[in-house]
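Let me begin by presenting the structure, written as structure tokens, before commenting on it.
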Amino acid sequence: MGKVTGFMEYQRLQEASEAPQSRKKHYKEFLVHLDDAQAKTQAARCMDCGIPFCNNGCPVNNIIPDWNDLVYNGNLKLALDTLHSTNNFPEFTGRICPAPCESACTLGINDDAVGIKSIEHYIIDKGWENGWVTPQPASVKTGKKVAIVGSGPAGLATAQQLARAGHEVTVFEKNDRAGGLLRYGIPDFKLEKSHIDRRIEQMQAEGVVFRTGVLVGKDFPGNITNWSKEIISPEQLQKDFDAVVIAGGAEVPRDLPVPGRELKGVHFAMEFLPAQNKVNAGDKLKDQILAAGKHVVVIGGGDTGSDCVGTSNRHGAKSVTQFELLPQPPEQENKALVWPYWPTKLRTSSSHEEGCERDWSVATKRLEGKAGKVDKLIACRVEWKDGKMQEVPDSEFELKADLVLLAMGFVSPVQQVLDAFGVDKDARGNARASTEGAGCYQTNVPKVFVAGDMRRGQSLVVWAIREGRQCAREVDLALMGASVLPR
Ligand SMILES: Cc1cc2nc3c(=O)[nH]c(=O)nc-3n(C[C@H](O)[C@H](O)[C@H](O)COP(=O)(O)OP(=O)(O)OC[C@H]3O[C@@H](n4cnc5c(N)ncnc54)[C@H](O)[C@@H]3O)c2cc1C
Ligand code: SF4
């Protein structure tokens, strides 16, 4: 414990950020990590409470009280090593994790939780600034070959762990750049892509080979991002490699089956967001969906919807409205009831701060337009009784809508990919594999493992990293009969 009385002396400090009106003019990150003095006092707020619920609340089980103590005492290099011992990519989570650890912080019961995520952000950024994040190639090679399908956080974490265990790792990615949703989906203003590039360079120096533009499978649905130029069959991978890990995410978006869905100007969020990532990367697009000068309606109240709000505002939308089917959650959770778990409460993202009308308990009834192009959305209010949704009588209303973005979550992984491998699925269409016990992360197909959203369904970056790490250990165990990789 850094400072015994720290939690009584210091207030929680949010990271500094650029004002909404000015940051809306660009796509760069706008949060500034804590400075040295701030990080020290924020770390001093940790009480080292004895049973670190935060450590359990964090999906990768970051050893939070230890690195808080190390930051307070100025031992940054060891803080970085401690952080890296559980998390391959803290620069991603330190920026975009919703921080379930903080909901579990003991100080949070009757005060503001320790700013764990901001301290994580500080440690890893200082690590890169000081040149402490370097390649760690394995000293002994095993001669075993592993293929990873998908380069999102799950695939990257699996690849890095296995390369460090001495295996020859190749990552296959259908898109033209590696990173999964970190690259194409999550906006640059939340996560600049240079962070991914830097990690990929580190992994290449550790021996990982990246093959982008390669689709593994047979056929693939046309409405999902796919910039592949080459196709490899699962059989070929199984023949060429000692093990295959499928980490292809959960890419099938939930659709809105209402009249007018077919009108021009109605798009999935994942047709809208990756295009902006590409333009920010310097690519020229002929047909980018733009929100400039339009009345934009975003359907769906989660992270993806919020990213559509931020991107629409940066395009220069005339108005942005976001609807959610569920009722508005309370502004403050009842700590006595929910701590240390993740509470349902009203969350206002940085994109909401930049300008957006938000409305809850709203269902879209139909979309209307002229000359095949959407210009109006007809909705109604709903109420929820015993878990069932009912339309409120006479509550229909309409709204101008030149661009409708569907951000209602993701249903499952692409079924064609799982079918091409012949892996069993669970009731939700995810690849079936357990996470505990012998043979975990293994599918029913010999040599084929699975990790990340492809196994657990739509989730979070930090869960993908956890699954990647745990899956890597199982692959290592299967190949070598023993493993020193951490779980
Ligand atoms: C818009 C958006 C915003 C989000 N914001 C956040 C956030 O702020 N914080 C957070 O924690 N989480 C966020 N998430 C969720 C998070 O991004 C995912 O949970 C996480 O990326 C899942 O990681 P993954 O590696 O399992 O899959 P993905 O990141 O989806 O990566 C899978 C990769 O596999 C590739 N692939 C698929 N099939 C094949 C194939 N057959 N052959 C070759 N390649 C293939 C795909 O192209 C993709 O690159 C967000 C999600 C979206 C959509
Ligand atoms: S990865 Fe997420 S949950 Fe874990 S310590 Fe960091 S912010 Fe908290």
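The values are calculated or read from the model by the stated rules, or taken from the named source; none is laboratory data. Being a predicted model, the structure only gives us computed values, none of them experimental. For neighbour counting, all protein chains shown are included, and Cβ atoms are generated from backbone atoms with ideal geometry for every residue, glycine included.
Scanning region 429-447 finds one or more residues that are away from ligand 1 (no atom under 11 Å from the Cβ), aromatic (Phe, Trp, Tyr) and part of a loop (DSSP other than H, G, I, E, B). Taking region 1-109 and the helices (runs of 4 or more DSSP H) fully enclosed by it, the elements with 3 or more residues that are more than 27 Å from Met203 (Cα to Cα) are at 6-9, 20-23, 36-44, 53-57, 64-72, 100-103. Specify the residue that is nearest to ligand 2 (Cβ to nearest atom); the eligible residues are those in region 114-134 that are surrounded by fewer than 24 Cβ atoms within 10 Å (Cβ to Cβ) and not in a helix (DSSP H, G or I). Among them, the one singled out is Val133.
The rows are residues; the columns are (1) more than 11 Å from ligand 1 (Cβ to nearest atom); (2) in contact with a strand residue (DSSP E or B) (Cβ under 8 Å, 6 or more places away or on another chain); (3) assigned to a loop (DSSP other than H, G, I, E, B).
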residue	(1), (2), (3)
Gly155	no, yes, no
Val171	no, yes, no
Asp176	no, yes, yes
Tyr184	no, no, yes
Asp197	yes, no, no
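Only one entry of Val417, Val411, Val404, Val374 meets the criterion of being closer than 30 Å to Gln442 by Cα and in a strand (DSSP E or B), and that entry is Val411.
Looking only at region 393-404, decide whether some residue is surrounded by fewer than 19 Cβ atoms within 10 Å (Cβ to Cβ) and under 30 Å from Asp453 (Cβ atoms). No; the residues of region 393-404 include none that is surrounded by fewer than 19 Cβ atoms within 10 Å (Cβ to Cβ) and under 30 Å from Asp453 (Cβ atoms).
Considering region 300-320, and only residues there that are assigned to a loop (DSSP other than H, G, I, E, B) and farther than 25 Å from Gln458 by Cβ, the residue that is farthest from ligand 1 (Cβ to nearest atom) turns out to be Lys318. The one condition from (1) more than 9 Å from ligand 1 (Cβ to nearest atom); (2) assigned to a loop (DSSP other than H, G, I, E, B); (3) within 25 Å of Thr364 (Cα to Cα) that Glu271 does not meet is (2).
Which of the numbered conditions does Ala163 fail, given that it passes all the others? Conditions: (1) buried (at least 19 other Cβ atoms within 10 Å of the Cβ); (2) out of contact with any Gly (no Cβ under 7 Å at 6 or more places or on another chain); (3) over 19 Å from Leu215 (Cα atoms). So the condition that Ala163 fails would be (2). Set side by side, the residues Val71, Val60 differ, and just one is away from ligand 1 (no atom under 16 Å from the Cβ), hydrophobic (A, V, I, L, M, F, W, C), modelled with pLDDT of 95 or more and surrounded by 15 or more Cβ atoms within 10 Å (Cβ to Cβ), which is Val71. Set side by side, the residues Arg455, Arg432, Arg381, Arg428 differ, and just one is crowded, with 21+ Cβ neighbours inside 10 Å and without any contact (Cβ under 8 Å) to a residue 60 or more places away in the chain, which is Arg455.
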